[in-house]
Every structure is written in structure tokens, then in C-alpha cells.
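Let me begin by presenting the structure, written as C-alpha cells, before commenting on it.
The numbers here are math on the coordinates, done by the rules we state, and not lab data. Computed from a predicted structure; not experimentally measured. FYI the Cβ positions are ideal-geometry reconstructions off the backbone, even for glycines, and counts take in every protein chain you see.
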Amino acid sequence: MKNLIYPAVFHKDEDGTYTVNFPNLDGCSTYGYSLEEAFNMAGDALFAYLDAFDDVPAPSDIKDVKAESGDFVQLVKAELYDGLSEVQRKKVIHEIETGLRLKGYTKNQAAQILGVNRSYMTKVAKGDSTPAPDMAKRIGLLLGFDWRVFYADGIAAI
């Protein structure tokens with residue numbers, strides 16, 4: 001397992017939600033309805049971004065990241081999980097394909113709803129990438145299956 005940490009800029013919006021952007025990673029952003037949710041979503045967004053791309057820039061020193069008035073900079077950790085066993089991989093593929101079919105979504109539509117890029121959703125749907133626990137829960141909820149199918153013994157080490 002490999003851990004990667006990047007600085008993120010947290011901004012409180014007028015409606016009370018939080019927007020999170022990663023200055024080093026073009027297009028990597030997320031939001032949360034609360035600060036706690038924004039932190040959790042930031043870890044998922046970072047995980048998804050780093051998992052989708054092979055070549056990413058090194059993180060900046062947190063001292064070098066500038067935030068506008070009212071915003072703050074925080075380090076966010078992405079924990080990249082090891083691959084699935086072949087049995088788990090087949091279960092994941094089956095659950096996602098069944099969920100997509102029953103809900104009437106394409107992978108692209110599911111990716112848009114989840115706020116992830118299409119290539120990441122394709123990797124997850126093929127069993128080539130294991131989402132972070134919060135993202136696994138969101139995928140399971142969206143597609144109507146038990147999110148723990150992504151993890152060994154059906155239990156995530158959270």
C-alpha cells in the first residue's frame with residue numbers, strides 16, 4: 001500500500017458547503033455539505049485522481065500553496081489500495097454491471113453522478129481499481145449493492 005499526501009485548498013461557499021481544490025492536480029476538486037464531509041470527499045477525490053493517472057506532479061510544499069482570504073490549506077492523504085483477487089474482481093464486475101443495467105445508467109452517467117472521471121469509473125467497473133471506502137459506499141448506494149464487495153473478506157480496513 002502506498003500513501004500519497006497533497007495540499008488542498010478548502011473554501012467555504014455562501015450556501016455553507018465547502019469546495020476543495022488540489023492546486024497541483026489540474027481538475028482535481030470536490031465538495032462537501034459540511035467540513036467533515038469535505039475532508040472525506042477530498043481523500044476520495046485525491047485517490048480517484050491519482051489512481052486514474054500514471055504520471056502526476058509531485059506535491060507542493062504546503063507553505064508554498066496560497067489561499068485566498070477565508071480559505072485554508074490542509075494536507076490530504078490518499079491511500080491507494082492493492083488490487084483485487086480474481087474472485088473479488090469477478091464479483092465486483094458482476095455487481096457493477098448488474099447495478100448499471102437495473103438502474104439504467106451507463107458507466108459515464110454513473111461517473112457523472114458520482115463526480116469522478118469516466119476512466120476512473122471504467123477501471124473500477126473492470127475490477128482494475130479499488131475505490132476508497134467512502135467512494136465504495138457511494139458506488140454501492142448508487143448501484144444498489146453492498147459496497148464491501150470491493151474488499152477482502154467483505155470488510156474494509158477503515
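Observations on the structure shown:
- Per residue, the average separation of C-alpha pairs within less than 8 Å and at least 6 apart gives the stretch 1-93 a relative contact order of 37 percent.
- Of LYS91/LYS137; LYS77/LYS126; LYS12/LYS107, those spanning more than 27 Å from alpha-carbon to alpha-carbon: LYS12/LYS107
- Three principal axis extents describe the C-alpha atoms of the chain; from largest down they are 48, 34, 25 Å.
- Shown here for the stretch 43-135: GluC sites (Glu not before Pro) in loop regions (DSSP other than H, G, I, E, B) with at most 11 other Cβ atoms within 10 Å, namely GLU68.
- Charge sum, other residues only, whose C-beta stays under 13 Å from LEU35's C-beta, Lys/Arg counted +1 and Asp/Glu -1: -3
- Separation of the stretch 1-30 from the stretch 82-148 is 23 Å, based on Cα centroids.
- In loop segments of the stretch 45-130 as defined by DSSP, the trypsin sites (Lys or Arg not before Pro) with at most 15 further C-beta atoms inside 10 Å of their C-beta are LYS66, LYS126.
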